[in-house]
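The values are calculated or read from the model by the stated rules, or taken from the named source; none is laboratory data. A quick note: this is a predicted structure, and the numbers were derived from the prediction, not measured. Neighbour counts run over all protein chains shown; Cβ positions are idealised from the backbone, glycine included. Heads up: the accessible areas ignore ligands, DNA and RNA and are worked out on the full protein's heavy atoms, side chains in. Shrake-Rupley method; radii C 1.70, N 1.55, O 1.52, S 1.80 Å.
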Amino acid sequence: MIYSVRWQLLLSMVAVILITVGMTALFANLAANAEINRLQGQDAAARDERLTKLLSDAYLYDGSWLGSQAVLENASTLYGEHLVLTDLQHQVVADSQDSVIGQYLGTTSTSRHKASVLGVEGPIGTLWFSPGVPTGASLDSVVGAESSGPSLSLLLILSGLLAVGVALILTFFVSHRILRPLESLARVSRLAARRDFTVRAHVQSRDEVGELARTFNTMLAELSRTEELRRNLVGDVAHELRTPLTNIRGYVEGISDGVMQPDAETLTSIRGEIHLLTRLIEDLQDLALVESGQMQLKVRSCDLGDLIKDASLAVHPQAQAKSISLEVDEACRLPIQADAQRVSQVLCNLLVNAITHTPTGGRVQIWARKVEGRVQVSVKDDGPGIAAEDQPYVFERFFRVDKSRSRATGGVGLGLTITRRLVEAHQGQIEVISQAGQGAEFRFTLPLEPVSQPA
Ligand code: ADP
């Protein structure tokens, strides 16, 4: 509990308050003492001046110290001091307590204070203030004024206690505000560790902790989607493997039972199924390579126009089978530095997708051009397009807009993922522009400059 943020906050606040109050008390005391000393000094000086003037006047009036005894007695009563007056020979000529008259006082007397009594031509005597006697009545009034109210230390202690009380309340509310999202985060993290990504952290504050909780929620949503994709992957791969394998087994059993003939037509069907299996395995292999960053690009100078022409030729039979007009921009001759095989793979993936999703008799266009020091390639079809809500996911692994339709075409939703990774490995970018019902356009860029091999 002592390690909790709430306690740490509280302890640090209390420490700050105690240090502040302590320092304030110390400095206030020092300042007050200095002021009292200054006032005492001023008062003593005024008193000395008054007394020595009285004694001097009395001496001048009488021509002797006769009247000084009465002056000292009155002053002693007034100021509460034991006062002694000596002449120039240090003989006591007046004593407010009438005890040492006639005696000699040494110059090293232990008196707290002394003052010279001046005559017309200079000093005529010395006035001695006895040690240990309380200060004058005028100062008592000053001290009395201070003691009439609560002392400074008491006020400081009270204000310190009040500050600690406020700190307690503040710490409770502030820590509650800070810790609620953190506690919620801890709870959600524990659930996430058990692969439960359904719960979200409770977010209300707009501070850094709130920001952290929001980022955490975004990460959870992403993890949840990845987990779903992972689960789908196993199901999808199993299904994609099962379908052609079941078909192949059917053909083989049919032949061995004599129900089917091992003729060219049957063998072509078997080859088709094997082709699907091979494509799935190749896609998975490619994906593993690009995602682990282990794919080595064989970069060399090549002509993008040639690659586009070759890819168009490769998909021509598919386009012809659906009476789709494949329009290739003949002007797109652009020398690039790239892995020709991988760029062809990108072009073929996009063209096959376009042909697959374009209805019979439709049109697929492909062109390339220089844009801001890069080459941009576009593959456009007039198929059904891709809905806005699906567009952010088309490049994700195993994403298929229409599962049953994709299966019929042999795709498992890996084509565009691999395509994007290949484009990115060439330091390019790919995007989809589409409106549902108005065809889809896939655009990707490649740098004209030589590309470096990925690490
Ligand atoms: P697949 O290999 O299953 O075709 P892709 O990764 O190539 O997977 O594509 C992902 C999904 O994007 C497809 O299931 C398809 O629904 C959609 N898609 C891709 N290209 C197009 C296109 N030209 N027109 C409409 N939808 C497309």
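Would you check if A354 is open to solvent by less than 70 Å² (accessible area, probe 1.4 Å) and outside any loop (DSSP other than H, G, I, E, B)? The answer is yes for A354. Among the residues of segment 398-417, the one identified as modelled with pLDDT of 85 or more and either more than 20 Å from H275 (Cα to Cα) or more than 8 Å from the ligand (Cβ to nearest atom) (or both) is T417.
Each residue in segment 182-234 was checked for being hydroxyl-bearing (S, T, Y), open to solvent by less than 40 Å² (accessible area, probe 1.4 Å) and over 30 Å from I281 (Cβ atoms), and 2 pass. Tally time: how many residues in segment 20-39 are under 49 Å from the mean Cα position of the chain (by Cα), of a type outside the set (A, V, I, L, M, F, W, C) and open to solvent by 90 Å² or more (accessible area, probe 1.4 Å)? Within segment 20-39, residues that are under 49 Å from the mean Cα position of the chain (by Cα), of a type outside the set (A, V, I, L, M, F, W, C) and open to solvent by 90 Å² or more (accessible area, probe 1.4 Å) number 0.
Condition check: part of a helix (DSSP H, G or I) and open to solvent by less than 60 Å² (accessible area, probe 1.4 Å). Does V16 satisfy that? Spell out the reasoning first.
Values: part of a helix (DSSP H, G or I): yes; open to solvent by less than 60 Å² (accessible area, probe 1.4 Å): no.
Spelling it out, it is not the case that V16 is part of a helix (DSSP H, G or I) and open to solvent by less than 60 Å² (accessible area, probe 1.4 Å).
Does V346 qualify as being within 16 Å of the ligand (Cβ to nearest atom) and closer than 19 Å to I418 by Cα? The answer is yes for V346. Scanning segment 183-225 for residues that are part of a helix (DSSP H, G or I), touching a Pro at 6+ places or on another chain (Cβ under 7 Å) and not aliphatic (A, V, I, L, M) returns a single hit, G210.
Give segment 256-266 a look and list any residue that's in a helix (DSSP H, G or I) and open to solvent by 50 Å² or more (accessible area, probe 1.4 Å), or say none.
Residues of segment 256-266 in a helix (DSSP H, G or I): 256, 264-266.
Matches in segment 256-266: S256, A264, E265.
On the given criteria, is P335 open to solvent by 40 Å² or more (accessible area, probe 1.4 Å), within 13 Å of the ligand (Cβ to nearest atom) and modelled with pLDDT under 95?
Details: open to solvent by 40 Å² or more (accessible area, probe 1.4 Å): yes; within 13 Å of the ligand (Cβ to nearest atom): no; modelled with pLDDT under 95: yes.
Here the answer is no, as P335 does not meet what is asked.
A single member of L245, L287, L277 is within 41 Å of the chain's Cα centre (by Cα) and not small (G, A, S), and it is L287. The set of residues in segment 383-397 that are buried (at least 19 other Cβ atoms within 10 Å of the Cβ) and more than 8 Å from the ligand (Cβ to nearest atom) contains only R397. Only one entry in R333, R342 is touching a Gly at 6+ places or on another chain (Cβ under 8 Å), closer than 23 Å to E431 by Cα and not in a strand (DSSP E or B), namely R333.
You will find that of E282, E253, the residue that is part of a helix (DSSP H, G or I) and under 30 Å from Q427 (Cβ atoms) is E282 and no other. Filtering segment 227-274 to residues that are under 30 Å from T198 (Cα atoms) and of a type in the set (V, I, T) leaves V234, V237. Residues in segment 287-305 that are acidic (D, E) and loosely packed, with under 14 Cβ neighbours inside 10 Å: E291 alone. Filter segment 46-75 for residues that are more than 16 Å from T126 (Cβ to Cβ) and open to solvent by less than 60 Å² (accessible area, probe 1.4 Å); which is nearest to the chain's Cα centre (by Cα)? Looking at residues that are more than 16 Å from T126 (Cβ to Cβ) and open to solvent by less than 60 Å² (accessible area, probe 1.4 Å), I get A46. Among residues of segment 431-444 being more than 8 Å from the ligand (Cβ to nearest atom) and in contact (Cβ under 8 Å) with a residue 60 or more places away in the chain, the one that is surrounded by the most Cβ atoms within 10 Å (Cβ to Cβ) is F444.
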